[in-house]
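I have placed the structure first, in the form of structure tokens, so that the comments after it can refer back to it.
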Amino acid sequence: SCFGYPLSIFFIIINEFCERFSYYGMRAVLVLYFKYFLQWDDNLSTAIYHTFVALCYLTPILGALIADSWLGKFKTIVSLSIVYTIGQVVMSVSSINDLTDHSRDGFPDNVSVHIALSMIGLILIALGTGGIKPCVSAFGGDQFEDDQEKQRSRFFSIFYLSINAGSLLSTIITPILRAQECGIHSKQRCYPLAFGVPAALMAISLFVFIVGSGMYKKVQPQGNIMIQVSKCIGFAIKNRFRHRSKQFPKREHWLDWASEKYDKRLIAQTKMVLKVLFLYIPLPMFWALFDQQGSRWTLQATTMDGNFGAIQIQPDQMQTVNPILIIIMVPVVDGVIYPLIKKCKINFTPLRKITVGMFLASLAFVAAALVQVQIDKTLPVFPAAGQSQIKIINLDTNNATVGFGSQLNSVNVMSMKSTDYMTFETSQLRSLTVTYGNKTTIKSVMLSEESRYTLGIKTNTMSVVAELLSDEVTSKPEEGNNLIRFINNFPDDINVTMGGTSFGILKPLSASNYSLFPGGRKDEIMASINSVPCSITSRAFGFGSAYTIVINGCSQDGLDILYSEDIPPNTVHMAWQIPQYFILTCAEVVFSVTGLEFSYSQAPSNMKAVLQAGWLLTVAVGNIIVLIVAGASKLSEQWAEYVLFAALLLAVCIIFAVMAYFYTYIDPNEIEAQLDEEEKKQVKKDQEVYEKQVEDDSQM
């Protein structure tokens, strides 16, 4: 022992820290991996993410059955941890771009291979993490003697602290690893490292757990109480169906129909458990909202500005707000809020706390919807089917007028300025008229639907020059990156580089292709004009923008350039997500902690595992609800989906409040004490009958 604790528990705590780091680290970057690496859209990424989470919370029932009925906790943890580690390694391998990038163009040539490996990895991870979930904490509790109740209680506190520590550190570190660039033939976001580190931590977790093997107290499997409860319920239903005729008298409770086969104690305990499980029915809706932190809220953060001054926050790092606030809010709520409510003589029962938690979660999604409305206002409008968009850049020192066909309006463009994109029906726009003073030119155009164009205009001594350039960008740059291209407004060829990226040699009035640059930074622009280098430091472009930079010439101050904004940067700051995270964390504190506490207080001592399985099942069902609602709603606006989820939870909250109002609290210990007393009386009565029988036999 060490400080009065079994030495073996330190191996278990280290094991749990590494395992939780592995799970939450992998999960933090998962939805962005789906979207940016596998190139799935938001809806499919969200659907697969929640399917995976649901599977992670369904498999604990399987793990508990294996541990209690077959292998025992130790062998179950080791076996499924091996499966878990293999799954993490497969996930890391699946994210290696060079695995199928035979053309070395930076994109996988066979995405199906990566998808197949990813799905295999996720299934193995779900089986592993879910399977060991109900075993590790119970295995730690088994290490203590009956007289070490105080140490056991403190162990569980340290155990859950290690869970939060692993979760917090991993959601900070793995997004940083993902944001790095790595690769053999081409540099990409480093998903292999972001998944590889969690895989390494899982391998360490398994190694540490096995090292402590000789110190563990290993309790042999003694049968699973869930199986007994299920058999009892099944027999009661079957027996009631057999005796459905009116000639059989009704019984006080439908479970009493199991009394022919099962003892009175098991039936009474099952009644208590079912009473609590009935209250669980509305709870999955809470988890349907709560677990969208890792999917919809993370995707929302990708369209926001993550610049916090000296620190650049990645979209998937915003999830760290939840564990940070949990660490702060749990002691505040327990030590300040609840005592204040008690002083106000308000009977804040556990079920009322759960109701408040559901209401707060609904409120958090209203806050998310309000943020989404503000984000939507900043998003560019791209051409729809049958439409095209044109932006004009006046590359001349004189003002110009541009007309769009005979029946459309004209627009004036100031010298060295650009317009916003203007939308036209593709079929109606066939020609453009450009006028500089008394010089006019008519340019025929053939536009494609759902495309953007830039019209560069300028005069020379003889005529008006108009160049229509095709813009290849019809969506906002992902992950806060910026797209940059250059137009040469110099009479000679120029060679342009920016931040180490070469744009090649540009002919007069020609444009380069767009190149991708990380957001929030400045880069040096270098142009070689007639073999004379000339440079200038660019402005900070923000996040998620696209710019056309016009090079007009070179002066003693450096390059003379003009910025034209093609797509505006993200302007809604990620800090605006903090209120919704704060409200949801408050909801979690009063809902989740209270829910487990209430369940344990209302269940018999040997039925805790059944309620734990039921609680985890509500999380799984909640994630399935996300799939159903998001798939069936067909809402085109994300803010509307947030409002829909908020409204659904509010409706469920009202239903739960009504159920809670009619719930009668019980004391399982008191009921079990009565059962003990009845059993003692029955034993005494049986003993007396036996003794009387013996006495009668002796007299004969």
Every pair of residues 6+ apart whose Cβ atoms lie under 7 Å, when the first sits in the stretch 308-324 and is within 21 Å of ILE583 (Cα to Cα) while the second is open to solvent by 20 Å² or more (accessible area, probe 1.4 Å): GLN317/ILE172; THR320/LEU168; THR320/ILE172; VAL321/ILE578; PRO323/ASN164; PRO323/LEU168; ILE324/LEU168
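Is it the case that GLY131 is within 26 Å of the chain's Cα centre (by Cα) and either outside the structural domain of LEU58 (by the TED database) or open to solvent by less than 50 Å² (accessible area, probe 1.4 Å) (or both)?
Considered against the rule, which asks whether it is within 26 Å of the chain's Cα centre (by Cα) and either outside the structural domain of LEU58 (by the TED database) or open to solvent by less than 50 Å² (accessible area, probe 1.4 Å) (or both), GLY131 comes out as yes.
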Would you confirm whether any residue within the stretch 670-688 is touching a residue at least 40 places away in the same chain (Cβ under 8 Å) and under 19 Å from LYS353 (Cα atoms)? no
Spot the failing condition for TYR690; the list is (1) outside the structural domain of ALA268 (by the TED database); (2) among the hydroxyl-bearing types (Ser, Thr, Tyr); (3) open to solvent by less than 90 Å² (accessible area, probe 1.4 Å), and only one is missed. (3)
What are the residue pairs meeting all of these: first residue in the stretch 517-530, first residue on the phi > 0 side of the Ramachandran plot, second residue polar (S, T, N, Q), Cβ atoms under 6 Å, and 6 or more apart or on different chains? GLY520/ASN307; GLY520/GLN312
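What strands (runs of 3 or more DSSP E) completely inside the stretch 369-477 contain at least 1 residues that are within 30 Å of LEU32 (Cβ to Cβ), hydroxyl-bearing (Ser, Thr, Tyr) and touching a residue at least 60 places away in the same chain (Cβ under 8 Å)?
451-459
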State whether the residues of the stretch 19-33 include one that is among the acidic types (Asp, Glu) and closer than 17 Å to ALA203 by Cβ. yes
Going through PRO350, PRO339 one at a time, which residue ends up being in the same structural domain as VAL652 (by the TED database) and surrounded by 15 or more Cβ atoms within 10 Å (Cβ to Cβ)? PRO350
Does at least one position in the stretch 19-35 carry a residue that is β-branched (Val, Ile, Thr), in contact (Cβ under 8 Å) with a residue 12 or more places away in the chain, open to solvent by 10 Å² or more (accessible area, probe 1.4 Å) and closer than 14 Å to LEU122 by Cβ? no
Just checking, does the stretch 146-162 include any residue being within 24 Å of the chain's Cα centre (by Cα), more than 22 Å from GLY63 (Cα to Cα) and in a helix (DSSP H, G or I)? yes
Please name all residue pairs, on different chains or six or more residues apart, with Cβ atoms under 8 Å, provided the first residue is in the stretch 342-366 and is under 22 Å from GLN292 (Cα atoms) and the second residue is acidic (Asp, Glu) and open to solvent by 90 Å² or more (accessible area, probe 1.4 Å). none
Restricting the stretch 59-95 to residues that are free of Cβ contacts under 8 Å to residues at least 60 places away in the same chain and under 23 Å from SER230 (Cβ atoms), which is least open to solvent (accessible area, probe 1.4 Å)? THR76
The correct count of residues that are more than 30 Å from PHE490 (Cα to Cα) and within 47 Å of the chain's Cα centre (by Cα) in the stretch 381-423 is 7
Before we move on, is THR401 open to solvent by 20 Å² or more (accessible area, probe 1.4 Å), outside the structural domain of GLU478 (by the TED database), modelled with pLDDT of 90 or more and of a type outside the set (Phe, Trp, Tyr)? yes
Among the residues of the stretch 633-672, the number that are aromatic (Phe, Trp, Tyr), open to solvent by 80 Å² or more (accessible area, probe 1.4 Å) and in a helix (DSSP H, G or I) is 2
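For every residue, the table says whether it meets (1) at positive phi; (2) touching a Leu at 6+ places or on another chain (Cβ under 7 Å); (3) open to solvent by 10 Å² or more (accessible area, probe 1.4 Å).
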{"site": "ILE375", "(1), (2), (3)": "no, no, no"}
{"site": "THR435", "(1), (2), (3)": "no, no, yes"}
{"site": "SER444", "(1), (2), (3)": "no, no, yes"}
{"site": "SER451", "(1), (2), (3)": "no, no, yes"}
{"site": "LEU455", "(1), (2), (3)": "no, yes, no"}
{"site": "ALA466", "(1), (2), (3)": "no, yes, yes"}
Does any residue in the stretch 231-257 that is outside the structural domain of LEU274 (by the TED database) and closer than 13 Å to LEU274 by Cβ come within less than 8 Å, Cβ to Cβ, of a residue that is among the aromatic types (Phe, Trp, Tyr) and in a loop (DSSP other than H, G, I, E, B) six or more places away or on a different chain, and which pairs are these? CYS232/TYR262
CYS56 passes all but one of (1) modelled with pLDDT of 85 or more; (2) over 17 Å from the mean Cα position of the chain (by Cα); (3) buried (at least 23 other Cβ atoms within 10 Å of the Cβ); which number fails? (2)
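The values are calculated or read from the model by the stated rules, or taken from the named source; none is laboratory data. Owing to the predicted nature of the structure, the values given are computational and were not obtained by experimental measurement. Glycine also receives a Cβ, built like all others from the backbone with ideal geometry; neighbour counts cover every protein chain displayed. Ligands, DNA and RNA are excluded from the accessible area calculation, which covers all protein heavy atoms including side chains. Shrake-Rupley method; radii C 1.70, N 1.55, O 1.52, S 1.80 Å.
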